[in-house]
Amino acid sequence: DTAVSQTPKYLVTQMGNDKSIKCEQNLGHDTMYWYKQDSKKFLKIMFSYNNKELIINETVPNRFSPKSPDKAHLNLHINSLELGDSAVYFCASSQDLNNQPQHFGDGTRLSIL
Amino acid sequence: EDKVVQSPLSLVVHEGDTVTLNCSYEVTNFRSLLWYKQEKKAPTFLFMLTSSGIEKKSGRLSSILDKKELFSILNITATQTGDSAVYLCAVVIQGAQKLVFGQGTRLTINP
């Protein structure tokens, strides 16, 4: 019944590794997003996709590569993880680009050792 | 640069008190303003405000937008310990189709 679900919930890994976070929404929404939330709880947009097409890329390093196989899924792959990548990553969706609000997943806490 | 600023950053009150959280913004092309509540996990949607002066209300929570002075307030009356959370304000930028978030207000309600 979860509207926006992310996996895994926790990810602990070493610097230099490559990892992926998956996101799925069952709301029938057209638009999906990835946000990064730092330790001070500041949420910052990273990417948005509309109908599988990239709309926003907010100056995110190209080590981060989103992939949208269909409009219900938006996965985030991160190469060569760095200490500064430690954060909580939230996936969200909205009906379309102009229709808010966005509905958020529970987040993936990424810790880099 | 689009900016959303919330105040206070942190607030501690006793159960039963009334609180007012503030959100001011400077953005290029305003479309709407949203309030979210974040407890341990996902931010959950509270209100969306598009027009000035129209109060939105849900139980003990209410919010209003002033597009002339570029701010919004979120009021919580008769606070309960379950209201303890981080409250996030975000502005939708017309054309850019993105949310710009403030840094949040951490509200703690003591019994």
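Look at B:Leu21 and say whether it is within 24 Å of A:Ile45 (Cα to Cα) and part of a strand (DSSP E or B).
Details: within 24 Å of A:Ile45 (Cα to Cα): yes; part of a strand (DSSP E or B): yes.
When the stated conditions are applied, B:Leu21 passes them.
Among the listed residues A:Thr31, A:Thr59, which satisfies the condition of being β-branched (Val, Ile, Thr) and closer than 20 Å to A:Leu81 by Cα? Let's see the steps before the verdict.
Working: A:Thr31 fails: closer than 20 Å to A:Leu81 by Cα.
Result: A:Thr59 is the single residue among A:Thr31, A:Thr59 that is β-branched (Val, Ile, Thr) and closer than 20 Å to A:Leu81 by Cα.
For segment B:71-105, the set of residues classified as at pLDDT 95 or above, open to solvent by 20 Å² or more (accessible area, probe 1.4 Å) and among the hydrophobic types (A, V, I, L, M, F, W, C) consists of B:Phe71, B:Ile73, B:Ala78, listed by residue number. Can you name the residue in segment A:70-102 that is of a type in the set (A, V, I, L, M) and not in a strand (DSSP E or B) and is also most open to solvent (accessible area, probe 1.4 Å) among such residues? Residue satisfying both the conditions and the ranking: A:Leu83.
Scanning segment A:46-60 for residues that are at the interface with chain B (Cβ under 10 Å from one of its Cβ atoms) and assigned to a loop (DSSP other than H, G, I, E, B) returns a single hit, A:Glu58. Could you please let me know if A:Ser48 is small (Gly, Ala, Ser) and either touching a His at 6+ places or on another chain (Cβ under 9 Å) or open to solvent by 80 Å² or more (accessible area, probe 1.4 Å) (or both)? Spelling it out, it is not the case that A:Ser48 is small (Gly, Ala, Ser) and either touching a His at 6+ places or on another chain (Cβ under 9 Å) or open to solvent by 80 Å² or more (accessible area, probe 1.4 Å) (or both). For the criterion of being in contact (Cβ under 8 Å) with a residue 60 or more places away in the chain, surrounded by 13 or more Cβ atoms within 10 Å (Cβ to Cβ) and more than 12 Å from every other protein chain (Cβ to nearest Cβ), A:Lys19 passes.
Considering only residues of segment B:31-45 that are more than 15 Å from B:Val92 (Cα to Cα) and free of Cβ contacts under 8 Å to residues at least 60 places away in the same chain, which is most open to solvent (accessible area, probe 1.4 Å)? Let's see the steps before the verdict.
To start, the set of residues in segment B:31-45 that are more than 15 Å from B:Val92 (Cα to Cα) comprises B:37-44.
With the extra rule that they be free of Cβ contacts under 8 Å to residues at least 60 places away in the same chain, the set shrinks to B:37, B:39-44.
On the way: B:Lys37: 33, B:Glu39: 104, B:Lys40: 187, B:Lys41: 100, B:Ala42: 17, B:Pro43: 6, B:Thr44: 69 Å².
The extreme case among them is B:Lys40.
The values are calculated or read from the model by the stated rules, or taken from the named source; none is laboratory data. This structure is a prediction, so every number in the text was calculated from the model and none was measured. We place every Cβ from the backbone using ideal geometry, glycine too, and count neighbours over all the protein chains shown. For the accessible areas, the whole protein counts, side chains as well, though only heavy atoms, and no ligand, DNA or RNA atoms are used. Shrake-Rupley method; radii C 1.70, N 1.55, O 1.52, S 1.80 Å.
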